[in-house]
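We did not get these values from a lab; they are worked out from the coordinates using the rules stated. Model, not experiment: these values are computed from the prediction. With ideal geometry, Cβ positions are generated from the backbone for all residues, glycine too; neighbour counts draw on all protein chains shown.
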């Protein structure tokens, strides 16, 4: 792995509050890394540290093999796209694109050439003479990306660039960003609180909480093998169902019944004790599949949320609510009996004390 | 009802102005008749000419014109200097926070609440020591310093309301302290500059206290000269000349308001709603 960004033992505190603590992170060249977390987890702060907009308290940041911990933002080889895009309102699109180059003392011919090139890549050539306020959200975003593009930076930083847009446009621009990454091949770090953006865009996701990275892995691993209960709950909607019980060997017992977890891939040697068993709503089986499943649960439908493509059902299993995702075509009414089931290879077991994956 | 109230209130404010205008256009015999509300029978511009060019203050009999030019010479550098310094102050305090910048700002704001009277005499000594006592330059310095708290507050709050991301983006684009100030912040801040100009022009033009203390008869600003003309106790009271002199003195702020009133309101509102 060719490391492009290396963050070593990074600390950041505002007075007595530690926002980032002893944070280590390596990002490979050309990688799309998403920093994901709820608000206040330090993800934007980390991005600002990488950009050089916040002075770190301790630790080092290396970009492209160079220690840039105390470099000016403009000398770090980074470009940044902000949530509000932060286009200079009094300048035309062309002015916005060339501002950085002018500051860097690039010659006029080169500026024209680079602006034209970036405008072509981003298909904003007809907009060059317009002011930002005459642009749509999507066009503004492209200009904001263009501002990073003209400067030939190694690393693109995105600070929640899609949060200001409506759902439809967001989905479109998500695709555009992904496409752009495939064409340019730059290293990109993307901050978001939206798990769908994270799952769809990322090569790797770093889930953050309280200034620490809880898990850094591929979207697939994060979804299927969450490292702890927080990650398991954070990813997936509706959230994962949990059964509170005890584990001994491969037998899990809880008030809802005794389940065999034969076939579960333990992260380490299985340890007995108080355990949480998690199963995602989409991994819960119904109908014929439930009848042949490894674990079967008799349940009563309590609430139905039809989404069109599928239907979310809240069931009552011996006093506990369990969400299941059903095919959208199944007619179902509250009060009906609905046998549920699941297989042990898709469950997640967490120690109740440490909340880490077993 | 609303318009009725407005009408009464405007009459209340316009009536004195009306009296001043008509009196300034009358000759002294007509004024002695005592009908202060009646329009002039014989319109004369004599009092205006006299007020501008001939009225006596002390031993000088060259009218208000000298005071006018003194005031202009005080006003222009004071306004430019105070706004230039205060806008950079405000920009630094809003965007380039340094250790103790909040404390610095607090101290500056407290400055706005200290009664001027306590500072009058110390300032006399300071100006004497630096050789600016009684000179126009000294008064420019005083106005610049006293405009600082309120103007800095004004600019700081305006710049603080400009999204921080713009500032960050400019830093990533490699613009420095002055680059961001001149290329990003200034072009976005026209309304607040207009507000600051209006505040300073009217404030400095109408100033009497500093003018009477820190200058001498040769360098008296217009307001001080006006006072000396109107309050002269020798000879007959020329009401028409006094009225004309007062109107002449009030003309500058009045013009400023008429020209930039719209921008003024917009600037105040922009500062208030944004954020």
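Arrange the following residues from fewest to most other Cβ atoms within 10 Å of their Cβ: A:271, B:71.
Going from sparsest to densest Cβ surroundings: A:271, B:71.
Using the 10 angstrom Cβ neighbour count as an exposure proxy, how do A:217, B:207, A:152, A:26 rank, fewest first?
The fewest-first ordering by Cβ neighbours comes to A:152, A:26, A:217, B:207.
Largest first and to the nearest Å, give the Cα extent of the range A:238-351 along each principal axis.
Sorted from largest, the Cα extents of the range A:238-351 read 43, 25, 24 Å.
Just to confirm the number: angle between the C-alpha axis of helix A:108-122 and the first principal axis of chain A, 0 to 90 degrees, nearest 10?
Value to nearest ten degrees: 30.
Can you give the Rg and Dmax of the protein assembly as shown based on its C-alpha atoms, in angstrom?
Considering the protein assembly as shown through its Cα atoms, Rg and Dmax are 36.7, 119 Å.
What list do you get for A:102, A:229, A:168 if you sort them by fewest beta carbons within 10 Å?
Listed from fewest to most nearby Cβ atoms, that is A:168, A:102, A:229.
Modelling each spin label as a point 7 Å along the Cα-to-Cβ direction, I'd like the residue B:59/residue A:337 distance in nm, to one decimal.
12.0
Please compute the modelled spin-label separation between residue A:167 and residue B:99, points set 7 Å along Cα→Cβ, answer in nm with one decimal.
5.1
Hey, how many Å between the Cα centroid of the range B:1-26 and the Cα centroid of the range A:304-325?
75
May I ask you to work out the translational diffusion coefficient for the range A:160-292 at 37 °C, viscosity 0.692 mPa s, via Stokes-Einstein with Rh from the Kirkwood sum over Cα pairs, reported in whole µm²/s?
On the way: Rh = 17.4 Å.
After rounding, the answer is 188 µm²/s.
Working from Cα positions, state the angle (0 to 90°, nearest 10) between the long axis of helix B:2-24 and the longest principal axis of chain B.
60
Any chance you could check the Cα centroid distance between the range B:131-155 and the range A:86-124 for me, in angstrom?
42
Using alpha carbons only, how many angstrom separate the centre of the range B:60-118 from the centre of the range A:197-254?
59
What is the helix-to-structure angle for A:137-149, meaning the angle in degrees between its Cα long axis and the longest Cα principal axis of chain A, kept from 0 to 90 and rounded to the nearest 10?
60
Dimensions of the range A:1-127 along principal axes (Cα, Å, largest first)?
Dimensions of the range A:1-127 along the principal axes of its Cα atoms: 48, 31, 25 Å.
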